[in-house]
Every structure is written in structure tokens, then in C-alpha cells.
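The values are calculated or read from the model by the stated rules, or taken from the named source; none is laboratory data. As the structure is a computational prediction, the values presented were derived from the model and not from experiment. Ideal geometry is used to build each Cβ from the backbone, glycine not excepted, and the neighbour counts take in all protein chains shown. With ligands, DNA and RNA removed, areas are computed over all heavy atoms of the protein, side chains included. Shrake-Rupley method; radii C 1.70, N 1.55, O 1.52, S 1.80 Å.
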Amino acid sequence: MTINTVIAVIALVLIVFFAIRYIWKEKKRGTKCIGCPVAGNCHDYEGCGTSRTPHKRVEKMTFGE
Amino acid sequence: MRIAFAGNPNSGKTTMYNALTGRSEKVGNWGGVTVGMKEYPIKAEYTGGTEAIAVDLPGAYSMSPFTPEEGITSEYVRDEHPDAIVNIVDATNLSRSLFFTTQLLELGIPVVVALNKDDINEKEGTKIDEKALSQKLNCPVIKTTAIEQKGLKDVIAAAVELNGKNQKAPYLQADIDLHDKNAVDAEDRKRFDYVNGLVKDVEVRAVKSSETTKSDKVDAILTNPIIGIIIFAAVMFGVFWVSQTWLGPLVADWLVGYIEMFQEWVASQLEATPLLSTIIADGIVGGVGAVVGFLPLVMIMYFLIALLEDCGYMARVSAVMDPIFKRVGLSGKSVIPIIIGTGCGVPAIMACRTIRDERERRATAMLTTFIPCGAKIPVIALFAGAFFNGAAWVSTISYFLGLALIFLGALLVKAVTGYKYRKSFFIMEFPKYKAPSLGFAFKSMMERAKAYIVKAATIILICNLVVQLMQTYNWQFQVVEEGMENTSILATIASPFAFLLIPLGFGAWQLAAAAITGFIAKENVVGTLAVCYGLTSFIDTEELALTGGANQVAAAMGLTTVSALAYLFFNLYTPPCFAAIGSMNSEMKSRGWLWSAIGLQLCTGYSVAFLVNQFGTLFTTGSFAPGFIPGLIAIALMVLVVVLISRKIRAHFDEEYSLHQAAKASKA
């Protein structure tokens, strides 16, 4: 196995790992369409709790971000 | 403390919210862009150290909600008790805005009125005495220009100062029976009279509303039912010509050249391990590169659309479309989701909640994705470049055919559900004409570019990798030998679907596989074709067209020019990606409507592709293409299903509404 092959395998594993991790994180955050620049507008007004339990959501926020 | 930002649609709430929080939520110069609530801490520089959260609410004209998103606003300010309300008032239209203000002042929560768009008032010579208005309303009134971040610090300082205090209402609604419509109407009229009296005392206008201005004259042309549509078609043709025929490919050549160089370099580095070379160079770099290669076209198109939106033209397009939409059984407001849909289907479907009538809302959500979204641009550009010499008419036809399918689909839904024409009103304020901001257009373009790259580097990359692996291995997980590609996992999965597509002119398993992966993300169609056919080797980087012309490509892909167009339309008008289908599900809130939507889109995509292929082939060769009869039978079956569904719905409709039958049933 050449050094090029080793680097390629490592790069492939890292790229796939970070891509899957990004998709996983976004889905966990409730993003419906990954990468969509207006995804912030897509709140489910009856499902995700943005309108029903706003206080609970905001309490988790940190200031000065 | 929590500060709610409430006001009429298009008064500048989200612009102010973005300025105060540093966020970049979608803004627009028409009402209904914000359909959900958003919240974020306000920057310390505005609050002077006090911890404050800004809550951006959808626009509302009154506390009595007509649409779901107006309900969010009234429900929040009434039930969640924010510490202060910043009421953003469109200072260019004071009398209309203050109706809602007087209602907010009755809640007892301290209110700060931000007289926004003050810059426009200055230009037009409209003067508002904010001190007098403040005295009459019993609350601070501050002039602001949110877009230039003027007056925002004063607004927040006033809101912070009022924290914990009570609000005294200048006008109190009489104690009436709220179930009595006449009493409510009379009370609303009294409030309007009160507001008009207020405005008369505090506002001096240089230009009376009744005067005909230059802007009105231009509006008369742009919103003319016939000339307006012709102008719209010409404008969109210009957008597609610049983005996909002239400037776009010019920039794309340069980018594709570098992608190819990189792909060749990766392949050369991995010569010793052909399998790894295939997976990385052909699968990942080739597949993702094919999608990224179209990035300049997408960027330029969104830059031009942002310019059109910012100068106020797109709002006029809505007025042109409004009567047509109403005639086919949709709402005038259906225009907004459709315009948003040129970017992404998911927010477009979400925007349907601004439509009050449930049937119209569901029908719009069902049909709006017929307008090609940004993810479909690479597919259009690839086929236009490969088979039609990059002609701009391919894009123009794709968009206008999408519009026509929305109208036809709406008529079909109207016929199936037995819906009668209903007079409805769509009020849209036209933004003032202005020179478009290059900064706004650039920002909009970069947001799209970022989104495109993120998607390409995540979903598209993983999909292409999976497609490449499925194409490389057979079910025994052995590498497929050359000439035995039909035994690969991908080929065996896609082949049964390919069989169904023979009447449409593209029965190859590679094309079926690309169409299937397109349901994950439409860009995958290009990526999968690139992986399956090694498409980048066909692309001439000088011209961004496939080398050898349509014949050579036809030999490789098994497509003629006609069947290529059919394949393009099939991908554009079949159901959108899974994310958009998920959004349809959450907006429609009905399994029946959702499955009908998916069925309608599948049938539409199939029928359009069938008609284009069969009649296109008949026109070019003098005889129908293979599979004409089976395709015709398939379409006849689709029609039969629609008729049966229609009958079932109508029967149910009669059962539900016939008093005579209800009485019979109760007796029994």
C-alpha cells in the first residue's frame, strides 16, 4: 500500500465522516432542507413547539453569541 | 427581558430583527415572507448590557387572525406576555397600521411604536409629528429606518426602560358580544374612525394618495393582464439567457476546467489502486464536481432574481398572476409560494400557510413544486447545454410549463373536489420602485452559493459515493467486471423502473437510477449521471457542452434530442425531493391530500414526458416512439383513477351536506 493510498483512504473516511456528522446535526436541529438559506423560516407552527413553548426554547439560549 | 416585534405585513419587522440580532433571516419587499416565529438575543450594543431577546412575529393586520401565521402573532402577544412590544409601523401608511397599534395598546403590555421607513417619508415630503402621536397613544414613538439601522438604539432603550410598567390604552373597545358580527363590524368602524382622526392630527402629506404618480403609470403597464405577462416572459427569458447562455457558462468554463484538472490529478495519484481511484476520482470528485460545475449559473440567476425582487418588479408579477390564480381555484396569495419556490420548494410549501382557505392552501402546497427550484437548475442547464446548444428557451419553457401545469393541476383539483368559484380578495402592497441594491443581490447570491456548496459537500457527496459503490459491486459484493455493468446492485435495482420508462423514451437503468436518486436531492440527477456515464469526460470545458454533439451523447446515454427533453421534464415535474414531500405532509395535515399530491405529480411527470417523447418523435421521424400503446394504457389508467377518486369525493360531499339524507339517516 503506497503513501498516496493511505492518504486517500484517510481523506475519504474523514470527508464521509464529516458529511454524515453535518447531516445528522442538521436533522437533529430540525432543518428540513439541508443547506437551504431560508431554512430558518420553516418553523412548524403546530409541531416543533416554536409557537407553543417559546420560553422553554429560549431559556436554553446563551447570550452574547 | 423578552421584546416582541409585531406589526403589519411588510412593515420591516424582520429587517429590524436582523439588524438587532445580527441574524440573516429571509426578508422581502412584500408581505408574508415571515410565516413562523423567530427569537434571538439582541446585541449588547443596543441593550446597554440588559439581557433581551427579540421575538420576530409574522405580520398581522389585527388581533383577530385570518390566517394561521396571523394566529401565531395574536396568540403570542396575548398569551405569552412579552415584557414589551415593539410595534413596527409602516410610516408611509399610517392610517392602516395604527388599527393594529391601538389593539396592541389595549393589552396592558408596554408598547414602543417604531415609525419605520422614515427615509421614504422624507423623500416624499410626508411629515409625521411623532411627539403629538406619542402623547395621543400614551407610548414612545420613535422614527426609524431599519434598513439603514437608524433609530434602533432608541427603540430598544425605550423598550428596556418600560420593562415592568403598565400600558395605558388610548382607545378601549366597547364591551360587545363578540359573537355578534354586526356589533364587531360596528366596533371596528369606530376604531378606524378614531385612527383616521389621529392621523389627520399628526400627519401632513405633500403627495396625496389620490394623485396619479409616475409609479402608478408604470404599474398600469406592468400589471396589465396581457402586456404584463408578455413583459414577465421577456424578463425571465433575459434572466435565463444571461445566467445560462451567456455569462453563466463563461464563468462555469473556468470552474469546470479546474474541477477536471483536480479529478485527473486525483486519478493519477491513485493509479496503483484502481478501485479507490474509481470511488474517489469518479464517484466523489466526478459526481460532486459535475454538480458544483453549475454553481456559477445558479449564482448568476439568483443575483438577477434578487435585483428584480429588490427593485419592486416581482411584487407586480404577483398582481398579474392574481386573477389567473383565482380563476383556476387557487388563492391570489398562491403567487408568493410559487415565487419562493424558484429558490427552494420547502420554504415555498411552508409559505402556503398564509392562505386562509384550507382547500386553496392544500392545493397550492400540492402544486407549487412544479416551478423548478434551484436544485433543478443544474439538471436544466446540463440538458440545455448537451442537447440544445445551451439555448435559453429550454429554461424559459421549463418555468412557464411549470406555471401552466400549476394552472392545469389547479383546475383538475377544482374539478375533482367539486369546488365552485369563490370570490376572494388578495391585497398586496406594491413596494416603491427603487434602484436595486447590488449589495442585497450579492448577499442573496452568496447565501444561495453557500447553500449549494453545503448540499454538494454533504448530501450529494454521500449519495454519489453510495451510487458509485452500488455501481461498482454486485450482490455478491464482488467488483463488477467491464461489460458486466448490468449485474451491479444499482443496475438490478433500477432496471425494473427503467422498464416502466420505455414509453417515455429513456429505458436505460442509468437514467432510471439518476431519476430515483433525484428524490433525495434533485442535483443528484446530474451527479448520478456523471457517475454512471463518466459524464465529465463528455463535457467540453471550453463551451460547457457535451463533446460530439447530441448523436455521440445519444449513443452513450441512449437518448435522442426529443427523449432528452422528455427526461428533463420527467425530472422537473415528478414529485420533489423527500424534504419537500415532508413539508407537504406537515402543511396539508391530511394523508389523503398528501398521497393525492404525490400521485398527481407522478402522473403529471409521466404524462408530460410521454407526450413530449411520443409526439416529438412523431414530428421528427414520422412514427411514434417504442412503447406508445403501453404508455397510452398507463395514462388511461391514471385518468380512470382520477375519475374514481373524484366520484368518491363527490359522493362523500353529498352525504356530508345533504340535509335530506342526514334527516333520513337520523330517523333510521
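Taking each residue in B:576-588, count the Cβ atoms of any other chain within 10 Å of its Cβ, then average. What number comes out?
2
With the radius of gyration and the Kirkwood radius both derived from the Cα set of region B:208-253, what is their ratio Rg to Rh?
Taking Rg over the Kirkwood Rh, I get 1.28.
May I ask you to compute the full-extension gain from B:PHE477 to B:ASP216, defined as 0.36 nm times their residue separation minus their alpha-carbon distance, rounded to one decimal in nm?
That works out to 87.1 nm of additional length.
A plus B alone minus the pair: what accessible area, both sides summed, probe 1.4 Å, in Å² to 100?
Between A and B, the summed buried area is about 3900 Å².
Using a 1.4 angstrom probe on protein heavy atoms only, which residues from region B:308-351 are buried by at least 30 Å² of accessible area when all chains are present rather than their own chain alone?
B:CYS344, B:VAL346, B:PRO347, B:MET350
Note the angle between two axes, namely the Cα long axis of helix B:578-588 and the longest principal axis of the Cα atoms of chain B, as a number of degrees from 0 to 90, rounded to the nearest 10.
Computed tilt is about 40 degrees.
Once amide H atoms are placed 1.01 Å from N in the peptide plane, what residues at a sequence separation of 5 or more from A:ILE34, or on another chain, have their amide H within under 5 Å of its amide H?
Excluding prolines and chain starts, which carry no amide H, there are no hits.
Which whole-number percent gives the relative contact order of chain B, counting Cα pairs below 8 Å spaced six or more residues apart?
The value is 12 percent.
Using protein chains only (no ligands, no nucleic acids) and a 1.4 Å probe, work out which residues of region B:280-299 have their accessible area cut by at least 30 Å² relative to the chain alone.
Residues meeting the cut-off: B:ILE280.
Quick check on the protein assembly as shown: of the DSSP beta bridges with both residues there, what percent are antiparallel, nearest 5%?
40
Considering amide H positions built from the backbone, and no H for Pro or chain starts, which residues 5 or more places from B:GLU39, or on another chain, come under 5 Å of its amide H?
Correct list: B:ASP56.
At 0.36 nm per residue, and after removing the present C-alpha to C-alpha distance, how many nm does the segment from B:PHE628 to B:LYS432 gain when stretched out fully?
Contour length minus the Cα-Cα distance gives 65.2 nm.
Calculate the spin-label point distance for B:SER64 paired with B:LYS450, positioning each point 7 Å from the Cα along the beta-carbon direction, and give it in nanometres.
The answer from the label model is 4.3 nm.
Can you tell me, using C-alpha contacts under 8 Å and at least 6 residues apart, the relative contact order of region B:100-158 as a whole percent?
Relative contact order, region B:100-158: 38 percent.
Based on alpha-carbon centroids, what's the gap between region B:236-265 and region B:266-301 in Å, whole number please?
Answer, in whole Å: 16.
Nearest 10 degrees, 0 to 90: what angle lies between the long axis of helix B:227-240 and the longest principal axis of chain B (Cα atoms)?
Tilt of helix B:227-240: around 50 degrees.
Starting at the first residue of region B:389-396, write each ³J(HN,Hα) from the Karplus equation 6.51 cos²θ - 1.76 cosθ + 1.60 with θ = phi - 60°, in whole Hz, x for Gly and Pro.
Coupling constants for region B:389-396: 6, x, 5, 5, 5, 5, 5, 4 Hz.
Hey, what do the phi angles of region B:257-264 turn into as Karplus ³J(HN,Hα) couplings, whole Hz, using 6.51/-1.76/1.60 and θ = phi - 60°, x for Gly and Pro?
With coefficients 6.51, -1.76 and 1.60, one gets x, 5, 4, 5, 4, 5, 4, 5 Hz.
Give or take rounding to whole Å, what are the principal axis extents of the alpha carbon atoms in region B:333-484, in descending order?
Computed over the Cα atoms, the extents are 65, 46, 31 Å.
List the residues whose amide H sits under 5 Å from the amide H of B:VAL112, counting only those 5 or more places along or on another chain, with H placed 1.01 Å from N in the peptide plane.
Here B:ILE85, B:VAL86, B:ASN87 satisfy the definition.
For B:ARG362, what is the net charge nearby, where nearby means another residue's Cβ is under 14 Å from its Cβ and Lys, Arg count +1, Asp, Glu -1?
Spelling it out: positives minus negatives among the neighbours equals +4.
Using Cα atoms only, what is the angle between the long axis of helix B:94-105 and the major principal axis of chain B, expressed in degrees (0 to 90) to the nearest 10?
Compared with the principal axis, the helix lies near 80 degrees.
Considering only the other residues whose Cβ falls under 9 Å of the Cβ of B:THR417, what net charge follows from Lys and Arg at +1 and Asp and Glu at -1?
+3
Using every alpha carbon pair in region B:150-308, what percent of pairs falls into each 5 Å bin from 0 up to the bin containing the largest distance?
In order of increasing distance, the bins hold 1, 7, 7, 7, 7, 8, 8, 8, 8, 8, 7, 7, 6, 5, 4, 2, 1, 0 percent.
Using the eigenvalues of the Cα gyration tensor, what equivalent ellipsoid semi-axes result for the protein assembly as shown when each is taken as the square root of five times the eigenvalue, whole Å, largest first?
49, 31, 25
Got a sec to turn the phi values of region B:50-59 into Karplus ³J(HN,Hα) couplings, 6.51 cos²θ - 1.76 cosθ + 1.60 with θ = phi - 60°, whole Hz, x for Gly and Pro?
6, 7, 9, 10, 8, 10, 8, 10, x, x
Assuming 0.36 nm per residue, please report the length gained on full extension of the stretch B:ASN138 to B:ARG356 beyond their Cα-Cα distance.
Working: separation 218, 0.36 × 218 = 78.48 nm, distance 3.40 nm.
Value of the extension gain: 75.1 nm.
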